[in-house]
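*Asks:* Before we start, here is the structure in question, set down as structure tokens.
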Amino acid sequence: MGMTRNVSLFKALGYKGKGPFLTFILHRIGGIGMAVFIAVHVLASFMGGPAGRFLNDIYESWPFQIFIYFCVMFHAINGLRITILDLWPKLLEYQREAIWVEFAVFIPLYAFSVYVIVSNALTGG
Amino acid sequence: MKRQPRVVPLSKRGFNFEMQMWLFTRLSALAMHAIALVAFVGAMVMGARYHMNFADVMRWMFTPNVTHVQSTNLPDLDPWASLFWKLVAMALVLIATAHGVHGLVVIADDYIVKPLGRKIVRLISIVTMIAFSLMGLYVIWFS
Amino acid sequence: MKVTLKIFRFNPEVDKKWHYETYHLDAEPTDRVLDLLEYVKGYIDGTLSFRRSCAHGVCGSDAMRINGANRLACKTLVRDLGDKITVDPIMGLKVIKDLIVDMEPFFENYKKVLPWFINNSPLPADGRERLQSPEARERFDDTTKCILCACCTTSCPSFWGSDDYLGPAALVTAHRFIFDDRDEAAAERLQIISETSGLARCHTAFNCTLACPREIQITKAIGELKLATITGKLD
Amino acid sequence: MANLHQFDVVVVGAGGAGLMAGLYASRTARTAVISKLYPTRSHTGAAQGGISAALGNLEEDRVEWHTYDSVKGSDYLGDQDAIEFMCQEAPQAILELEHMGLPFDRTPDGRISQRPFGGHTNNVTGKPVRRACHAADRTGHMILQTLYQQCLKNNVNFFDEFQVLDLLINDGKAVGVVAVNLADGELHTFHAKSIIFATGGHGRVWEITSNAYAYSGDGAAIVFRRGIPLEDMEFFQFHPTGIYKLGILITEGVRGEGGILINGKGERFMEKYAPRVKDLASRDVISRAIYLEIREGRGINGSNYVYLDVRPEVVNKYAALDGRTNPDGSPYRVTAEELLKKVPDIIDFNRVYLGIDPMTQPMPIQPTAHYTMGGIPTNQYGEVVIDDQKTVFPGLYAAGEVACVSVHGANRLGTNSLLDLVVFGKYAGLRAAEYARGVDFTPLPSDPEGFARQQFEALRTGSGKENMTDISNKMKKVMFDDVGVFRTEEGMQRALETLRELKERYRHVRVSDTGRIFNTELLNAWELGNLLDVAEVITVSALNRTESRGGHAREDYPNRDDVNWLKHTLVWKRDGRFEIGYKPVVITKYQPKERTY
């Protein structure tokens, strides 16, 4: 009887959460992105040879760099927010402000990184 | 009215593996931030200001391993390849692998509910964690 | 004002698949979404099914997803939504009919945290109340407000993943008892909620806190529980 | 019959009284609680202000004072033996709730906190007394949650979202109930030794009401159809302070904390109507005062509402004028922050529904239909008594708002409703279990589901075209206009005619949903039938009583008439006709006298 639990990934992403929900999603994306990158990177360094160099070329390309910088920076800054709030739950009442601070730190930092990456790519390093 | 402080003894407060890993995830995050900071300060002391660009400093902070900076214009690679940085980089790899693998387990826990499934995930994760830690250590030691 | 109301419809006896039905209504800005649903049911389509009772946000019957976020239909006013309103059932529980979902898993999770007062010590010799300071009472005041509407639990991404997660509502209930200094089963409860299906699955997405119609600081309550498992301190 | 269940005790309704009865019965008997809502959705949860008991935690208070206040509040129609019993049991009942973990607010020395409430007085000084035990303005919520939790702990069998449709009687005894499982539309028969009705009131008969949609008088209508009389149905309480137009309740606790009623001319008008306790007079008195102010054009902007003002500066001003003091003798003063702690939900309601901040603006209020004083006649042990000879109907019990003990008489004292359901819920549960221990199951009548099925099928398969919302709205309007705060012969006759017209139309009501799964339309149609039946009984009773007393205020008979009317009304329906009987009011210590505040 009835429909099964009605949560597809699409539906879940469609939930109108606010800032913290978005950061939660991005944190996961960042974490998984990094895990894959580091795994491949370590594997490539460990193996060496042509395969390693091929992988090296991929993650030295600028679009990949933009992606992985996002993963690292966002995961790190958001992780710091979560850690601070988690260890001092009293601060959780200020979670809205915490999100603002987080973006105030992340956006300029990441924008600068993207600028550097893109300008390096355009000038050929 | 006077109140007795209420404290649950360690064995009964539910501080089990799950919560230990929860705490570890937070503490390891702080540790990684600290290591990145140390790497950054170290890089500045070792002359990164004159010889490296932003991207290279970032890469060095990400893992303070000499291979991450050897293609830059640094005149003297020796301080960057010291035992100290090797140990720092290896500590980071160990912490990061544990942190990351546990993160993946947490994600898997959200979707895999059956006890057997969870056991399998944990088994795979432990194997993966050890393998990648060893590979990481190997790469750093011999670079 | 003219309002376009889009409602999730699913009749298990007729439909294979759900669909949206759109209604065009006249509404006052101060109308509750519940008033609109009642109007549709009363004058346009009597088969529309939803739960409701008190109609002013204290019974917790009419939790639904309104314009994408969980709220109580009786506590959400048209003026705060604009003229396009979409109503869906809450997520993560089986849809039985239209906006009615199967609440059993939700209550099952609630029952897992021993949601009742436990104190097996003898009563005060004079037979009167157990004493409790106003500060000690204040400690768990926030979490006594829960009306079990399920807005929080069904807004939680971990709960969407699987209903094995106890969910915010059950943890809020655990908090209400664990931090009550008259209760004696804090240790038992802490051990129940610190399992994989409990605290560790809270990833602080805050959807629960923002969805709560009683404005309970749910994430904070769960945060305090997490620390309690580590420090053991219940003050 | 596939769906037959057998229990010693079956409780119908899972509000405060039902859960209390279920909890106490389940200690010694196999008990089931059947409810059309999840228990935590019951309307007990909406009760705000408090539950009274002469605990004397903050100042001197006595059970006798509580008793007298209740008798006086009831306008001398309450049965004094029952009131004495309730007030005597009150402190123990409150303490038991505390022992079950109910989180009452606390005094600085750790005891249950109490606050003043309408009609609660120190009988010596005549000043308001702190008697209402409270948990912020969520006392009912805490009671409901605590009792539900204790029932879970005690493994009470819950049948959630089962609507009871019929009472089964065999051999002059109550032997069971028939219910429909809303989830799949299946009928279930519950065979029991004792049956406790705790289905709540019927405030949805009126247009402006603080009551839940679920308050459709199901219990009263079901037993009435089965030949049980209803008592004192003309008495219904209109709470003076409902949010304008919506009817959502603003607790008397707001006035207990110092809130003041203000008319369109900016006057504190309660000084005229109740010179001694002013804004803390009994509810019927204040509701009528508001109506009179409005009628004489002193509503806000000449409209039909007045203000309830709880802005701290106003509270402090009038508290100083009244010479109000704290328990330690210092002058009473409040800050916005303290008020916010004491009545948080009220402030929330105002912000959500009116966009008003009560700390800076007064709240627009009007009287709202609130509480059923009448109902199924019972004695103080919850046993249903079916005539003036105290004849008990075997196996049938009632408690809570659906019952008429009668402790509320013509007007209920604020906070006595929660007390009523706790005390009489408990005793009904205990008695029902005790009775069940001593008897065997009486067999069910043949085709037990027949009557229920016939009612349901008639609605489901009817070919009528009448819109039920229309019928319902007409009923609510006529009841509010003509059988509301003030009543006249002419108005009530008109109401009765309209009701009979509506009942005729109801026979042709259209139910478009023919499904079985969660057919809420069918359910609502059935509930409307109950409301119409109950509305008719109310009007018939009210027309019959040619006096004014408590919640029953007639303009054509403005005075209380103790010579002719110091008696309870009983109404039966026999062979399609109403029969009215009476039973005497029990008077022990308190002789009727004029009621002033």
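*Asks:* Averaging over every viewing direction, what projected area does the convex hull of the Cα atoms of segment D:69-161 cover, in nm²? Don't skip to the answer; put the middle values down first.
*Replies:* Working: hull surface 34.3 nm².
Average projection, Cα convex hull of segment D:69-161: 8.6 nm².
*Asks:* If you find the alpha carbon centre of segment C:158-220 and of segment A:47-120, how far apart are they in angstrom?
*Replies:* For segment C:158-220 versus segment A:47-120, the Cα centre distance is 30 Å.
*Asks:* Please report the projected area of the protein assembly as shown's Cα convex hull averaged over all directions, in nm².
*Replies:* Mean orientational projected area (the protein assembly as shown, Cα hull): 47.9 nm².
*Asks:* So how exposed is C:Ser197, as accessible area in Å² (1.4 Å probe, rounded to 10)?
*Replies:* 30 Å²
*Asks:* Using only Cα atoms and rounding to the nearest 10 degrees, what angle (0 to 90) does helix C:167-178 make with the longest principal axis of chain C?
*Replies:* Roughly 30 degrees, rounded to the nearest 10.
*Asks:* Quick one: Kirkwood hydrodynamic radius for segment D:458-504, alpha-carbon pairs, angstrom, one decimal?
*Replies:* Values: mean 1/r = 0.0859 Å⁻¹.
Roughly 11.6 Å, rounded to one decimal.
*Asks:* Something else now. Semi-axes, largest first, in whole Å: what does sqrt of 5 times each Cα gyration tensor eigenvalue give for segment C:175-222?
*Replies:* Over the Cα atoms of segment C:175-222, the semi-axes work out to 21, 16, 6 Å.
*Asks:* Please report, in whole Å³, the volume per residue of the convex hull around the C-alpha atoms of segment D:189-307.
*Replies:* 145 Å³
*Asks:* Could you run the Debye sum over the Cα atoms of segment B:13-143, one equal point scatterer each and no solvent, and tell me log10 of I(q)/I(0) at q = 0.18 Å⁻¹, two decimals?
*Replies:* Rounded to two decimals, the profile gives -0.96.
*Asks:* Turning to a different aspect of this structure: Going Cα to Cα from C:Lys2, which aspartates and glutamates come in below 19 Å? Please leave out same-chain ones fewer than 8 positions away.
*Replies:* Excluding near neighbours in sequence, the set is C:Glu21, C:Asp26, C:Glu28, C:Asp31, C:Asp35, C:Glu38, C:Asp45, C:Asp80, C:Asp83.
*Asks:* Helix D:520-544 sits at what angle to the longest principal axis of chain D, using alpha carbons and giving 0 to 90 degrees rounded to 10?
*Replies:* Helix D:520-544 sits roughly 60 degrees off the main axis of chain D.
*Asks:* For the cross-link pairs D:Lys390/D:Lys477; D:Lys341/D:Lys593; D:Lys173/D:Lys426, which exceed 32 Å when the distance is taken from alpha carbon to alpha carbon?
*Replies:* From D:Lys390/D:Lys477; D:Lys341/D:Lys593; D:Lys173/D:Lys426, over 32 Å: D:Lys390/D:Lys477; D:Lys341/D:Lys593.
*Asks:* So what's the convex hull volume per residue for the Cα atoms of chain C, in Å³?
*Replies:* Each residue corresponds to 142 Å³ of Cα convex hull volume.
*Asks:* Mean residue ellipticity at 222 nm from the helices of the protein assembly as shown, using -39,500 (n - 2.57) per DSSP H segment of n ≥ 4 over the full residue count, to the nearest 500 deg cm²/dmol?
*Replies:* That comes out to -13500 deg cm²/dmol.
*Asks:* At 1.4 Å probe size, what's the solvent-accessible area of D:His141? Round to the nearest 10 Å².
*Replies:* Ignoring ligands and nucleic acids, D:His141 comes out at about 10 Å².
*Asks:* Next question. Would you list D:Ile294, D:Ile94 from the most to the least accessible area, probe 1.4 Å?
*Replies:* Numbers: D:Ile294 35, D:Ile94 0 Å².
So the residues, ranked largest to smallest area, are D:Ile294, D:Ile94.
*Asks:* Over 18 Å between Cα atoms, which of B:Lys12/D:Lys153; C:Lys6/D:Lys474; C:Lys111/D:Lys153; D:Lys474/D:Lys503; A:Lys16/B:Lys114 qualify? Before the final figure, lay out the partial values.
*Replies:* On the way: B:Lys12/D:Lys153 22 Å; C:Lys6/D:Lys474 29 Å; C:Lys111/D:Lys153 9 Å; D:Lys474/D:Lys503 11 Å; A:Lys16/B:Lys114 30 Å.
Result: B:Lys12/D:Lys153; C:Lys6/D:Lys474; A:Lys16/B:Lys114 exceed 18 Å.
*Asks:* I'd like the Karplus ³J(HN,Hα) series for segment D:293-303: coefficients 6.51, -1.76, 1.60, θ = phi - 60°, whole numbers in Hz, and an x wherever there's a Gly or Pro.
*Replies:* 4, 5, 5, 8, x, 9, x, 5, 6, x, 8
*Asks:* Given a 1.4 Å probe and heavy atoms of the protein chains only, how would you sort D:Asp218, C:Asp142, D:Asp109, largest accessible area at the top?
*Replies:* The residues order as D:Asp109, C:Asp142, D:Asp218, largest area first.
*Asks:* What dipole magnitude, in Debye to the nearest 20, does the protein assembly as shown give about its Cα centre under +1 on Lys/Arg Cβ and -1 on Asp/Glu Cβ?
*Replies:* My answer is approximately 1680 debye.
*Asks:* Can you list residues whose amide H is under 5 Å from D:Arg549's amide H, if they're 5+ apart or on another chain and H is modeled 1.01 Å from N?
*Replies:* D:Arg554
*Asks:* Okay, next question. Please list, in order along segment A:29-43, the HN-Hα scalar couplings obtained from phi with the Karplus expression 6.51 cos²θ - 1.76 cosθ + 1.60 (θ = phi - 60°), rounded to whole Hz, x for Gly and Pro.
*Replies:* Each residue's phi maps through the Karplus curve to give 4, x, x, 5, x, 5, 4, 5, 4, 5, 4, 5, 5, 5, 4 Hz.
*Asks:* Using the Karplus equation 6.51 cos²θ - 1.76 cosθ + 1.60 (θ = phi - 60°), what ³J(HN,Hα) coupling, rounded to whole Hz, does each residue of segment D:167-182 give in order, writing x for Gly and Pro?
*Replies:* Here the 3J(HN,Hα) series is 9, 9, 10, 9, 6, x, 10, 6, 10, x, 9, 10, 9, 10, 7, 4 Hz.
*Asks:* I'd like the orientation of helix D:468-482 relative to chain D: the angle between its Cα long axis and the longest Cα principal axis, in ° from 0 to 90, rounded to 10.
*Replies:* With both axes taken from Cα atoms, the answer is about 40 degrees.
*Asks:* Give me the tail of P(r) for chain D as a percent: Cα-Cα pairs with distance above 30 Å.
*Replies:* Tail fraction, whole percent: 49.
*Asks:* Please list the helices of chain B that count as membrane-span-like by this rule: a mean Kyte-Doolittle hydropathy of at least 1.0 together with Cα atoms stretching 30 Å or more along the helix axis, each helix being a complete DSSP H run. Provide the component values of the computation, followed by the final result.
*Replies:* Details: long enough: B:17-45 (40 Å, 1.43); B:83-111 (43 Å, 1.44); B:115-141 (39 Å, 1.44).
Span-like helices, by this rule, are B:17-45, B:83-111, B:115-141.
*Asks:* Quick one: how many Å² of C:Thr86 are accessible to a 1.4 Å probe, rounded to 10?
*Replies:* Accessible area, nearest 10 Å²: 30 Å².
The values are calculated or read from the model by the stated rules, or taken from the named source; none is laboratory data. Just so you know, these numbers come straight off a predicted model, no measurement behind them. FYI the Cβ positions are ideal-geometry reconstructions off the backbone, even for glycines, and counts take in every protein chain you see. For the accessible areas, the whole protein counts, side chains as well, though only heavy atoms, and no ligand, DNA or RNA atoms are used. Shrake-Rupley method; radii C 1.70, N 1.55, O 1.52, S 1.80 Å.
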